[in-house]
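Undergrad: The structure's right below; bear with me while I get my questions together.
The values are calculated or read from the model by the stated rules, or taken from the named source; none is laboratory data. All values reported here derive from a predicted model rather than from experimental measurement. Because the Cβ atoms are built from the backbone with ideal geometry, glycine has one as well, and the counts that use them run over all protein chains shown. What goes into the accessible areas is simple: the full protein's heavy atoms, side chains included, and nothing from ligands, DNA or RNA. Shrake-Rupley method; radii C 1.70, N 1.55, O 1.52, S 1.80 Å.
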Amino acid sequence: MDKSYTAPTDRFCDLVMKGGVTSGIVYPRAIHRLAQHYRFKNIGGSSAGAIAAAVTAAAEYQRRHSGSHAGFELLRGLPESLAQRRSARGPSRLLRLFQPQPGTKRLFSVLVCALNRGGTGSRLFHTVRGLLLAYWPATLAGLLLGVAAWRDSGALAGLLTLLLACVGLVLGCVFRDVTRHVSANGFGLCNGMSEPGHGDPALMPWLHETIQRAAGRSAQDAPLTFGDLWRAPGFPPPGVTLPPMSEPHSIHLQMFTTNLSHGRPYVFPLEEGDPSQLGIQYAATRQRLFWRPDELAPYLPPDVLAWLTARSRAYTVDPERAPWDPSTADGAGLLEIPPPQDFPIVLAARMSLSFPLLISAVPLWAIDYDSKEGTGQRKFCRCWFSDGGLSSNFPIHMFDSLVPTWPTFGIMLEPKLAGRPNMIFLPDRYWYGYGERWQRFGELPRAGSRMGGFLLTLVRTMQEWSDNTLSRMPGVRDRVVRLRLNPDEGGLNLDMSAETMVCVAARGEEAAQALLARYLPAEPAPRPSGWDEQRWVRLGVLLSLLHKRLPDVRHALSDAAEWEALIALARSGHAAGFDRAIGEDEAHALREMRALLLRFADELLPLAERFPFVPIPEPELRVRPAL
C-alpha cells in the first residue's frame, strides 16, 4: 500500500465543490491530497463540481473495497491528460470533449473563436469574426449586394448595403440555427455524445469511462450506482455505533440539478418518500419522474442506456392517487426512473453539468398537477433538467448538521482580487473571512467592459447570492477554502494552454494543503486546530439560535387551553398531515412534547444568558424545504 496515504479508517470528511465549467480542473489534485489524510463520507457538487464529486465517490468506492488508491491516482493525472494536444496548435483534449451536433456546428465554431479572449471588446470582435466565417454564404451574399450597390449608387451606398445585408443575412441564419437546431438539440450546442469521425470520446463516454476506472471497473461493467456507494464497506468503522436516525449510507453522493420546468432545484438521488407512512401520505411524498428511451438515447452511452432500461418499469397508476393521476394509457411509452439504489451516478452528473446553451438540457417527464382534463385527471409534461449551478453553484449546506462529527470541507472558486497576490485564502481566525465579496465591474477601465461586467454580475448575483451569503457564516467560512482564478483560467476558457491547466490544478493542491494544515496541525499544536475551533463555533451558533428563537416558541405554546382545543379537533378527524383522526396515544405524546419544550425553554434560556457567544454575521434558524 502506498505509504503516502495515511488516512485512518475512522477519520472522515465531507467535500463540496463549486461549479464553473472548466474551473473543475482545480479539483483533481485537491481531492488526491485530501484523500491521503481523510476518507470521504459525503460528497457533493454542482455542474463541474458534480463531475469531480462523481469521480471522487468512485475512487473512494474502490478504496473501500480493495484498499487500492488507483482511483485517486487517476484523478491526480486528469489535468495533464486533459491538457494533451495532437499538435502544437491543435485543440486540447478538454476542448475535444465538447463535440457539437451537425446542426449546431456553426454556432459552436463561433464560441470557439471567442474563447480565451481578454476583455469585452476582444470577445466582441472575435465573435463577429467567427459569425462572418461560420456563415460565409450569408457574408458572401452581403458582399455581393454591397458591390452591386456601390456600382449603382456609389461607395457610401455600397458600404451601407454591405453592413445591413451582412448583419441581416447572418443574424437570420443564426436565428434559424438557434430556433431549429439548438432547440431540437435539447437547447444546447453539444449533447455530450461522440460524433462520427471525430476520433475522440466526447464528454459523456469520457466521464462514464473515468468513473468506471476510478471505481475499479471497466466501461463494459455495470455502471456505478448510488446503491453501490451506499453499500460500500468501511462505514461505520469497527467499534462505532451510529446514533438513531443517522445517515446509514457508507458513501453518500449528492448532486444538484435544476428543473427548469418546475423552476426549482432537484438533488439526486431523489428521495423515495417515507415508507413508514401509509396510503396517500406515502404516495404524496414520492418524487416520480419518467423518461422515454428514444429521448435519452442521444445523451447516454449504450451500456448505461441498457442498464437504465432494464431497471426501469413502465408507468403504473399509484392506487392511492388513481382519482387524480393519468391513466396507464396516457403514460404509454414512459418508463419510471429506477429507484435511487439502481440509478447510475453518471446520469445524475450529466443532469447537473448541463451548462445552459453549451450542453443540452436533459428531458424527463412528470405528472402536471396544475392541469385538468375533462375527466378531472392530470397529464404528463416534459421537464427539462439543466445546470445545477443555476440553483446553487456552491451547495456547501448539503451535509450540514447543527453540531458536526467530522468536517465538511468546501472549495469555492472566485476571481482573483486586485492588489491581493495570494491565490488561496482560508480564514485561520474566527474574526477573519466574513467580509463581503465585491463585484468590481464599475471600476473597469473601458465602458464596454463595464457594461459587460454589469450584465454578467446581474446573472451571477441571481445565481450565487445564497451561496455567497452562506459562505460568510460562522462555522462555514472557516472550512471553505477560497481559490482564486485569473480571467484566462477556468470558466468558459475551454481551450486553456497546458501550462495554465497544470498551474490551476496545482493551485487546487495548495487549497487542499491549506485545509490540512488548518485541520491537521503538527503536534504539539500552538493553538486549537480548525476542527476544534469549528465544533466550538458551531455549538456557540446553535446555542445562540436557540436563545434567539426559544422565547417565541415558549410564548406560542404557553396557552394550554388553546392547544387542548387543537388536540380535540385532531381527535375528531381534522388533523393536517394525517389521513385519519389521531388516537389517544398520539394526543398524549403531543401533550408531553409540548410540556418538554416549555421546560427546555425555561431551563436553557437563563443559562444561555450566561454564555454570550457572538456569531458574526448573525445567523437565522428558519423552516425551509430540504435541498
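Undergrad: Here are some residues: Ala506, Ala512. Which one is buried (at least 22 other Cβ atoms within 10 Å of the Cβ) and not β-branched (Val, Ile, Thr)?
TA: Answer to the check: Ala512.
Undergrad: Now for a separate question. If you go through the stretch 156-196 one residue at a time, how many are touching a residue at least 24 places away in the same chain (Cβ under 8 Å), under 30 Å from Leu94 (Cβ atoms) and not basic (Lys, Arg)?
TA: Matching residues across the stretch 156-196 total 19.
Undergrad: Got at least one residue in the stretch 586-606 being outside any helix (DSSP H, G or I) and either open to solvent by less than 40 Å² (accessible area, probe 1.4 Å) or touching a Cys at 6+ places or on another chain (Cβ under 6 Å) (or both)?
TA: No, the stretch 586-606 contains no residue that is outside any helix (DSSP H, G or I) and either open to solvent by less than 40 Å² (accessible area, probe 1.4 Å) or touching a Cys at 6+ places or on another chain (Cβ under 6 Å) (or both).
Undergrad: Oh, and also: Kindly evaluate Ser391 against the criterion of being under 21 Å from Pro269 (Cα atoms), without any contact (Cβ under 8 Å) to a residue 40 or more places away in the chain, open to solvent by 10 Å² or more (accessible area, probe 1.4 Å) and of a type outside the set (A, V, I, L, M, F, W, C).
TA: Against the criterion (under 21 Å from Pro269 (Cα atoms), without any contact (Cβ under 8 Å) to a residue 40 or more places away in the chain, open to solvent by 10 Å² or more (accessible area, probe 1.4 Å) and of a type outside the set (A, V, I, L, M, F, W, C)), Ser391 does not qualify.
Undergrad: Among the listed residues Val182, Val178, identify the single one that is under 20 Å from Glu295 (Cα atoms) and buried (at least 18 other Cβ atoms within 10 Å of the Cβ).
TA: On inspection, the qualifying residue turns out to be Val182.
Undergrad: Right, Ala219: outside any helix (DSSP H, G or I), open to solvent by less than 30 Å² (accessible area, probe 1.4 Å), among the small types (Gly, Ala, Ser) and farther than 17 Å from Gly44 by Cβ or not?
TA: On the way: outside any helix (DSSP H, G or I): yes; open to solvent by less than 30 Å² (accessible area, probe 1.4 Å): yes; among the small types (Gly, Ala, Ser): yes; farther than 17 Å from Gly44 by Cβ: yes.
Yes, satisfied.
Undergrad: If you check Pro551, Pro487, Pro474, which single one turns out to be open to solvent by 40 Å² or more (accessible area, probe 1.4 Å) and under 30 Å from Gly19 (Cβ atoms)? Steps first, answer last, please.
TA: On the way: Pro551 fails: under 30 Å from Gly19 (Cβ atoms); Pro474 fails: open to solvent by 40 Å² or more (accessible area, probe 1.4 Å).
Criteria check complete, one pass: Pro487.
Undergrad: Which numbered condition in (1) touching a helix residue (DSSP H, G or I) at 6+ places or on another chain (Cβ under 6 Å); (2) in a helix (DSSP H, G or I); (3) under 30 Å from Leu402 (Cβ atoms) is the only one that Gly433 fails?
TA: Failed condition: (2).
Undergrad: Oh, and also: Filter the helices (runs of 4 or more DSSP H) completely within the stretch 103-209 down to those with at least 2 residues that are within 27 Å of the chain's Cα centre (by Cα).
TA: 105-114
Undergrad: Look through Arg76, Arg64, Arg29 and report the one residue that is touching a residue at least 24 places away in the same chain (Cβ under 8 Å), of a type in the set (Lys, Arg) and touching a His at 6+ places or on another chain (Cβ under 6 Å). Reasoning before the result, please.
TA: Details: Arg64 fails: touching a His at 6+ places or on another chain (Cβ under 6 Å); Arg29 fails: touching a His at 6+ places or on another chain (Cβ under 6 Å).
Exactly one of Arg76, Arg64, Arg29 is touching a residue at least 24 places away in the same chain (Cβ under 8 Å), of a type in the set (Lys, Arg) and touching a His at 6+ places or on another chain (Cβ under 6 Å), namely Arg76.
Undergrad: Which one of these does Pro427 not meet: (1) part of a loop (DSSP other than H, G, I, E, B); (2) touching an Asp or Glu at 6+ places or on another chain (Cβ under 6 Å); (3) within 30 Å of Ser183 (Cα to Cα)?
TA: Tallying (1) part of a loop (DSSP other than H, G, I, E, B); (2) touching an Asp or Glu at 6+ places or on another chain (Cβ under 6 Å); (3) within 30 Å of Ser183 (Cα to Cα), Pro427 fails exactly one: (3).
Undergrad: Can you pull out every residue in the stretch 399-413 that is assigned to a loop (DSSP other than H, G, I, E, B) and out of contact with any Cys (no Cβ under 9 Å at 6 or more places or on another chain)?
TA: Keep residues of the stretch 399-413 that are assigned to a loop (DSSP other than H, G, I, E, B), which gives 399-407.
The answer is Phe399, Asp400, Ser401, Leu402, Val403, Pro404, Thr405.
Undergrad: So, restricting to helices (runs of 4 or more DSSP H) that lie completely within the stretch 58-100, which ones have at least 2 residues that are closer than 30 Å to Ser183 by Cα and open to solvent by less than 20 Å² (accessible area, probe 1.4 Å)?
TA: Fully inside the stretch 58-100 and qualifying: 93-96.
Undergrad: Can you name the condition, by its number, that Asp303 falls short on among (1) of a type in the set (Asp, Glu); (2) in a helix (DSSP H, G or I); (3) open to solvent by less than 40 Å² (accessible area, probe 1.4 Å)?
TA: Answer for Asp303: the failing condition is (3).
Undergrad: Right, another one. From the list Pro319, Pro323, Pro265, Pro275, pick out the single residue that is at pLDDT below 95, buried (at least 17 other Cβ atoms within 10 Å of the Cβ) and over 21 Å from Val55 (Cα atoms).
TA: Details: Pro319 fails: buried (at least 17 other Cβ atoms within 10 Å of the Cβ); Pro323 fails: buried (at least 17 other Cβ atoms within 10 Å of the Cβ); Pro275 fails: buried (at least 17 other Cβ atoms within 10 Å of the Cβ).
Among Pro319, Pro323, Pro265, Pro275, only Pro265 is at pLDDT below 95, buried (at least 17 other Cβ atoms within 10 Å of the Cβ) and over 21 Å from Val55 (Cα atoms).
Undergrad: Whether any residue in the stretch 438-461 is out of contact with any Asp or Glu (no Cβ under 6 Å at 6 or more places or on another chain) and under 30 Å from Ser529 (Cβ atoms) is what I want to check.
TA: Initial filter on the stretch 438-461 (out of contact with any Asp or Glu (no Cβ under 6 Å at 6 or more places or on another chain)): 438-461.
If we keep only those that are under 30 Å from Ser529 (Cβ atoms) too, we end up with none.
No, there is no match, as no residue in the stretch 438-461 is out of contact with any Asp or Glu (no Cβ under 6 Å at 6 or more places or on another chain) and under 30 Å from Ser529 (Cβ atoms).
Undergrad: Being modelled with pLDDT under 90 and under 30 Å from Leu207 (Cα atoms) narrows it down to one of Gly90, Gly103, so name that one. Can you show your working first?
TA: Values: Gly103 fails: modelled with pLDDT under 90.
Criteria check complete, one pass: Gly90.
Undergrad: Where the second residue is among the polar types (S, T, N, Q) and surrounded by fewer than 17 Cβ atoms within 10 Å (Cβ to Cβ) and the first is at pLDDT 95 or above and lies in the stretch 223-236, which pairs have Cβ atoms under 8 Å and are six or more apart or on separate chains?
TA: Thr225/Gln341; Phe226/Gln341; Gly227/Gln341; Trp230/Gln341
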